[in-house]
1. Taking region 1-35, which residues are at pLDDT below 95, aliphatic (A, V, I, L, M) and assigned to a helix (DSSP H, G or I)?
2. As an exercise: evaluate ASP62 against (1) touching an Asp or Glu at 6+ places or on another chain (Cβ under 8 Å); (2) surrounded by fewer than 11 Cβ atoms within 10 Å (Cβ to Cβ) and give the number of the one condition it does not meet.
3. Residues LYS9, LYS19: which one is surrounded by 12 or more Cβ atoms within 10 Å (Cβ to Cβ), under 10 Å from the mean Cα position of the chain (by Cα) and not hydrophobic (A, V, I, L, M, F, W, C)?
4. Just the residues that are without any contact (Cβ under 8 Å) to a residue 24 or more places away in the chain and touching a helix residue (DSSP H, G or I) at 6+ places or on another chain (Cβ under 7 Å), please, taken from region 31-54.
5. Under 7 Å by Cβ, and 6 or more places apart or on different chains, what pairs join a residue from region 7-30 that is without any contact (Cβ under 8 Å) to a residue 24 or more places away in the chain with one that is surrounded by 13 or more Cβ atoms within 10 Å (Cβ to Cβ)?
6. For region 38-54, which residues satisfy the criterion of being part of a helix (DSSP H, G or I) and polar (S, T, N, Q)?
Amino acid sequence: IEQGKAEGKAEGKQDAALKLLELRFQNVPETLSREISNIHNHKHLDILLEQAMTAQSLEEIDTHFS
């Protein structure tokens, strides 16, 4: 049950990050979207959410997580 909860939280953070990036930059490349979907570490996802709020470009996000 705990693993399911953790996976659900990770998916929620992934979805939130993608939505935020789409709102800020309109089009998120499929490659970046896939990279984000492959991040399951909660600490990394928290960093991603912070980056999604503060990055000046998608390239800045991509460089940090690729």
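1. Of everything in region 1-35, those that are at pLDDT below 95, aliphatic (A, V, I, L, M) and assigned to a helix (DSSP H, G or I) turn out to be ALA6, ALA10, LEU32.
2. Among (1) touching an Asp or Glu at 6+ places or on another chain (Cβ under 8 Å); (2) surrounded by fewer than 11 Cβ atoms within 10 Å (Cβ to Cβ), the lone unmet condition for ASP62 is (2).
3. It is LYS19.
4. SER33, SER37, GLN51
5. LEU18/VAL28; LEU18/SER33; LEU18/ILE36; GLU22/VAL28
6. Across region 38-54, the qualifying residues are GLN51, THR54.
The values are calculated or read from the model by the stated rules, or taken from the named source; none is laboratory data. These numbers come from a predicted model, not from an experiment. For neighbour counting, all protein chains shown are included, and Cβ atoms are generated from backbone atoms with ideal geometry for every residue, glycine included.
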